[in-house]
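Structure first, then comments.
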2 protein chains.
Amino acid sequence: MTTPQTRLSTPVTDTLNRHVSIRHYTDQPIPDEMLHSIIEAARRGAPTSSNLQTYSLVVVRDPDTKQKLAELAGGQKHVAACPVFIAAVADLSRVAHAAAMHGVPLGENLEMTLYATVDAALVGMTLCTAAESFGLGTVMIGGMRNKPQEVAQLLGLPPRAYVVYGICLGYPLPERVPSQKARLPHEVVVHYERYEAGDLSAHIAAYDAELAAHYRAEGRNTPDAAWSSVVANNFSKPPRPHLRAALERMGMRFGSGEEGTE
Amino acid sequence: MTTPQTRLSTPVTDTLNRHVSIRHYTDQPIPDEMLHSIIEAARRGAPTSSNLQTYSLVVVRDPDTKQKLAELAGGQKHVAACPVFIAAVADLSRVAHAAAMHGVPLGENLEMTLYATVDAALVGMTLCTAAESFGLGTVMIGGMRNKPQEVAQLLGLPPRAYVVYGICLGYPLPERVPSQKARLPHEVVVHYERYEAGDLSAHIAAYDAELAAHYRAEGRNTPDAAWSSVVANNFSKPPRPHLRAALERMGMRFGSGEEGTE
């Protein structure tokens with residue numbers, strides 16, 4: 001399709017179009033009514049495959065726990081500073097319990113792990129969108145996967161559960177709200193009828209230049225290849241190599257699930 | 001926290017609170033301007049870890065392609081019937097290309113696969129919320145993982161990419177809009193400070209009864225244990241046992257990424 005000239009909007013797209021990750025907060029607390037309304041709208045608005053609801057949320061306001069989580073995430077101060085932190089947990093413990101109530105085991109494999117991971121990801125996303133519609137700022141914390149077992153222990157998670165990511169919530173500190181940086185262009189990411197990579201090197205070079213200009217306008221140092229060289233530098237070694245073994249120790253499965261039945 | 005009596009709302013929470021999955025559509029087409037506005041709001045509103053943007057979207061309107069996708073999803077007629085189908089693709093091909101532009105390989109392991117899977121899940125979620133705010137109906141199609149290689153081939157995906165789920169979009173057929181069914185109760189899913197499973201058997205039994213009453217009120221047959229027995233029946237065998245091998249053949253990695261470096 002040719003790119004339409006007109007943008008249509010709703011209050012939802014307005015909220016989405018304003019999104020930036022917020023890591024600095026005022027002291028203003030989040031009212032219980034607001035938090036509860038956000039969580040329930042998030043749970044209602046996120047679909048869940050086969051109605052399994054294989055996720056849980058752990059809401060943390062205790063300063064000691066937030067401080068420990070900040071350290072486990074590699075020293076992310078905003079995790080300690082935010083008034084409310086919510087862990088989005090992939091959680092197969094409930095469906096395992098449900099199956100056991102009928103005397104059968106839960107089938108456990110990569111697909112079940114994906115069910116739970118995607119369920120948690122979806123509900124965390126609706127939670128952020130709902131929170132931002134109330135004027136709160138959010139940032140997702142993938143650093144919860146730095147020390148998955150320690151995080152699980154701190155939050156008291158049962159076996160077959162892990163924190164996919166955390167969410168910091170708080171009123172944005174106005175002077176520390178970052179400007180939006182460009183996403184990769186539409187034509188690189190969105191395909192019509194069939195995936196067509198096109199001239200990916202040229203597209204990436206153009207995005208590198210756009211992002212470099214953005215960072216320099218903010219007075220930040222940046223390489224010319226502001227996106228691709230960061231990808232190359234930070235991800236040429238496998239990130240979080242401990243994750244696979246840690247999640248397996250926590251009861252998550254990544255195989256076909258048929259290993260024992262051949 | 002004690003459950004607040006007051007629910008607060010915004011247009012976003014209103015949209016989320018109205019959500020039901022929609023599988024029957026009118027003939028009304030989705031205007032290009034609307035579709036483009038939805039996609040761009042979705043891309044802006046969904047965060048992406050380390051700005052990697054490891055997802056792609058494939059927008060399908062061709063009837064033949066939708067028909068084939070419907071069959072690959074196990075005969076889901078709504079995939080063929082919806083005016084617009086969008087595949088949410090976990091896509092590491094772009095970052096692999098970016099790394100190669102700087103002469104290094106991409107580190108590939110479970111964590112990178114999770115990056116891409118979660119990125120795709122998040123942007124698909126904001127896409128659905130944005131679409132519903134325009135009055136469209138949505139349903140996510142995990143059945144895209146039934147035949148992941150065939151789906152990838154049909155959509156022309158590069159290596160290191162797979163469809164996490166699809167999304168059907170269309171104007172809801174009013175007479176086929178289902179009523180909302182209850183989610184698991186707040187206290188079962190949402191925990192404060194620490195995860196406390198509580199009396200899970202009692203909670204599940206209560207939810208079983210609530211769901212059974214809902215189905216019977218709709219004139220549908222249901223076992224008494226309307227949730228737990230379905231979980232037990234459908235998930236005591238590992239679902240989609242082919243998935244692990246198929247995704248590996250497609251270039252997704254699930255190991256530590258350090259296998260070759262010891």
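A short reminder: the numbers here are calculations on the coordinates, not readings from a lab. Quantities reported herein were computed from a predicted structural model and do not represent experimental measurements. FYI the Cβ positions are ideal-geometry reconstructions off the backbone, even for glycines, and counts take in every protein chain you see.
With each label modelled as a point 7 angstrom along the Cα→C-beta vector, the B:E248-A:T26 pair spans 5.4 nm. With R₀ set to 25 Å, the beta-carbon distance separating B:S9 from A:L173 gives a calculated FRET efficiency near 0.45. Let me make sure I get this right: for the protein assembly as shown, a, b and c are the square roots of the gyration tensor eigenvalues over alpha carbons, sorted descending. Under 1.5 in a/c it's rounded, otherwise prolate if a/b > b/c, else oblate. Which is it? Judged from the Cα gyration tensor, the protein assembly as shown comes out rounded (a/c under 1.5).
Compute a Gaussian network model of chain A, connecting alpha carbons closer than 10 Å, and tell me which residue from A:V231, A:V139, A:V118 fluctuates the most. Its mean-square fluctuation being the largest, the pick is A:V231.
DSSP beta bridges fully contained in the protein assembly as shown are about 85 percent antiparallel. Label points for A:P105 are taken 7 Å from Cα along Cα→Cβ. From this copy to the others they lie 3.4 nm apart, shortest first. Our estimate of slack between A:H186 and A:E218, defined as 0.36 nm per intervening residue step minus the Cα-Cα distance, is 9.1 nm. The label point for A:K237 and the one for B:K237, both projected 7 Å from the Cα toward the Cβ, are 4.5 nm apart. For A:R220, the distances from its label point to the matching points in the remaining copies are 4.8 nm, ordered from shortest, with each point set 7 Å beyond Cα toward Cβ. Considering only A:M34, A:M101, A:M112, the mean-square fluctuation computed in a Gaussian network model of chain A, springs between alpha carbons under 10 angstrom, is largest for A:M101.
Here is what passes the span test in chain B: the DSSP H helices with alpha carbon length of 27 Å or more along the helix axis and a Kyte-Doolittle mean of 0.5 or above are B:110-133. Restricting the GluC sites (Glu not before Pro) of segment A:178-226 to loop positions (DSSP other than H, G, I, E, B) with no more than 13 neighbouring Cβ atoms within 10 Å leaves A:E196, A:E218.
In the structure shown, the pairs A:K68/B:K237; A:K181/B:K77; B:K66/B:K237 are assessed against 32 Å; a Cα-Cα span above that value is assigned to A:K68/B:K237; A:K181/B:K77. Rounded to 0.05, the FRET efficiency of the A:E33 and A:V104 pair, given R0 = 41 Å and the Cβ-Cβ distance, is 0.50. Segment A:129-168 and segment B:68-96 have Cα centres separated by 29 Å. Across peptide A:124-137, the mean count of Cβ atoms from other chains lying within 10 Å of each residue's own Cβ comes to 5.
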